[in-house]
Structures are given as structure tokens and as C-alpha cells.
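Asker: Structure in C-alpha cells, see below.
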Amino acid sequence: MTATIKRCVLGHDISYTLSPRLHAVISRVLGERATYGVEDIPPERLASELPRLFSEYDGFNVTKPHKESVAKLLGSPFPVNTVRRDGACTSTDAQGFLSDYTHAFGAPHGNILLLGAGGAAKSVAQALAAGQNVRVFVYNRTYQKAKQMESERIAAVQNASGKFDAVINAATPANGVSHIPRELNFRGVRYAYDLVYSPPETEFLRRAKAAGASVCGGLGMLIRQAIAAHEFWRGAPFDSDTIQALYRAAIAELAQGTAGQ
């Protein structure tokens, strides 16, 4: 009999997570015998608990607030959201975001305002800055964290006013609510993307839509980065038909169940 694969998501205060449902769907479509749990571990216990995760699980995902801390513990210079038992690690956030953003709006271009400077925001900034004709402006409540992200195509800003082609919310919600800068009015913004996937229409997206922007929530990114995580665990990419089958199955499972989570 084929051994059961054990995986989990590592985070803290993540009772809302859809990861077990999402990865169960992916494993089912792939024909895997697999379980997927939740490891809610506070930051002060992360370093001591990490060896246990490697011993108990074949692989795991990492979510807030541990992406950067796990990266440091594993020697990665970039935030981490996917880990294999052999210690290999990566982030599939950039791939998941860019694929979903492009599906919704086309390839990123122009001046883009990015809200947030955490692990997911850093992955998104790197994905955007790798594109052609893109300039990324990072706003974070702690300006110094935004400054640390600066590069040739990434600049920190001290307020969110200005003219932007797109605005992306990658700020970590506090008590379930994302901080939206008071001065951000969405005037002239064509596209607004929120990495938050629950509720499906956030206050950020409502305000952007009211100002005339095309909007997209983060459910598609969640699914696409999860599919990419399975590719990393398996060590090989899926073909396009498999990716489409996985995406359709995940949407069918999750799309109706995010409003209250």
C-alpha cells in the first residue's frame, strides 16, 4: 500500500486558513494518499518546533507571520512559503500572484503602488520588478521596512498619494482588517488587486471599484501558489492541462466558501 504523505501549513493565529481544504482537493485530483494539517505556532516557539516539523511532515507551507523567520532559520535570502523534508525551500507567492494578476488584468505595467512590506509583499515586489516597463512604489506603515525593499525598480514612499496605474494590497490584516492609507483615493487607478481572499470583496476592493478600477481578490493567487507548491514538493512542473484541472477543482471547492472565513 502506498504510504500516506503528511503535509501542513505553519503559521500563527490562522484559524481562518483554507489551506487544508485546498490541498486536499489538489491531492485528490493528483491521486495522492495525503493528509494536511495546521500547525499554529507562536513566534517565540518557532525555532524549537521546526525540527519536529521536519521529522513529522514530508513538506509544509509557511504563512504569516513566519515567512521571513523560517527563511532566516533555513538560510534563505528570500521569504519562504514552501518547504520540503530535505530542507529545500522556496516561495511560490510570486509565481501565484503574477499568474493570477496576468490572468485578470494582463501583464503588469506602469507605476504600481504596493501596500505592505512583509514576506508576501516582498515576493510580489520581486515579481513585479522583473517585468518590463514597471516601476514599483512601496508604502508601509513602517517606512524603514519599505526602504529595505528598494532596488533599481522598487522605491519606498512615505505616503500613498500620487498617480498609479495599479494598486496592490499585500498588507497583513490586523484583526482581520487591512490598513488602507487615508490619502489613497484610487483616482486614475485602472487595476486593484488584493491578496486577501476572505471576504471575497474587501473594503480595499470596494473603494477601488467605486472609483472605476477593475478589481480582483486573492483567491486565484491562493490556488495558483498552492499548485506551484505541489510542483516544488514533487520536483517537476505540471503540464497545462493538469494545472487547469487542479485550478477548476479548487475553485469549485473554495469559491462558495470564503465569504465567512
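Asker: I'd like the full set of residues that are of a type in the set (S, T, N, Q) and either assigned to a strand (DSSP E or B) or open to solvent by 60 Å² or more (accessible area, probe 1.4 Å) (or both), limited to the range 127-147.
Answerer: Matches in the range 127-147: Gln132, Asn133, Thr142, Gln144.
Asker: When the range 136-195 is examined, which residues are found to be under 19 Å from the mean Cα position of the chain (by Cα) and acidic (Asp, Glu)?
Answerer: Answer for the range 136-195, where residues must be under 19 Å from the mean Cα position of the chain (by Cα) and acidic (Asp, Glu): just Asp194.
Asker: Say we look at the range 112-121 and pick out the residues that are assigned to a helix (DSSP H, G or I) and hydrophobic (A, V, I, L, M, F, W, C); which of these is farthest from the chain's Cα centre (by Cα)?
Answerer: Taking the candidates together, the pick is Ala121.
Asker: In a strand (DSSP E or B) and either open to solvent by less than 20 Å² (accessible area, probe 1.4 Å) or more than 25 Å from Gly188 (Cα to Cα) (or both), is that true of Val124?
Answerer: No; evaluated as a whole, the condition is false for this residue.
Asker: Could you list all residues from the range 148-168 that are of a type in the set (Gly, Ala, Ser), under 24 Å from Ser214 (Cα atoms) and open to solvent by 20 Å² or more (accessible area, probe 1.4 Å)?
Answerer: Those that are of a type in the set (Gly, Ala, Ser), under 24 Å from Ser214 (Cα atoms) and open to solvent by 20 Å² or more (accessible area, probe 1.4 Å): Ser161, Gly162.
Asker: From the list Ala107, Ala171, Ala146, Ala166, which one is out of contact with any helix residue (DSSP H, G or I) (no Cβ under 6 Å at 6 or more places or on another chain), under 17 Å from Glu68 (Cβ atoms), at pLDDT 95 or above and not polar (S, T, N, Q)?
Answerer: On inspection, the qualifying residue turns out to be Ala146.
Asker: Moving to a separate point now. Output the qualifying pairs, or none if there are none: Cβ atoms under 6 angstrom, residues six or more apart or on different chains, first residue in the range 136-158 and more than 18 Å from Glu183 (Cα to Cα), second residue open to solvent by 80 Å² or more (accessible area, probe 1.4 Å).
Answerer: Arg153/Arg135
Asker: If you take just the helices (runs of 4 or more DSSP H) that sit entirely in the range 194-261, which of them hold at least 1 residues that are open to solvent by 50 Å² or more (accessible area, probe 1.4 Å), among the small types (Gly, Ala, Ser) and out of contact with any His (no Cβ under 9 Å at 6 or more places or on another chain)?
Answerer: 203-210, 240-254
Asker: List the strands (runs of 3 or more DSSP E) that sit entirely inside the range 18-110 and contain at least 2 residues that are open to solvent by 10 Å² or more (accessible area, probe 1.4 Å).
Answerer: In the range 18-110, 34-40 are the strands (runs of 3 or more DSSP E) which contain 2 or more residues that are open to solvent by 10 Å² or more (accessible area, probe 1.4 Å).
The values are calculated or read from the model by the stated rules, or taken from the named source; none is laboratory data. Here the structure is a predicted model, which means the values were calculated and not measured. FYI the Cβ positions are ideal-geometry reconstructions off the backbone, even for glycines, and counts take in every protein chain you see. Each accessible area value is taken on the protein alone, full model and side chains, heavy atoms only, with ligands, DNA and RNA left out. Shrake-Rupley method; radii C 1.70, N 1.55, O 1.52, S 1.80 Å.
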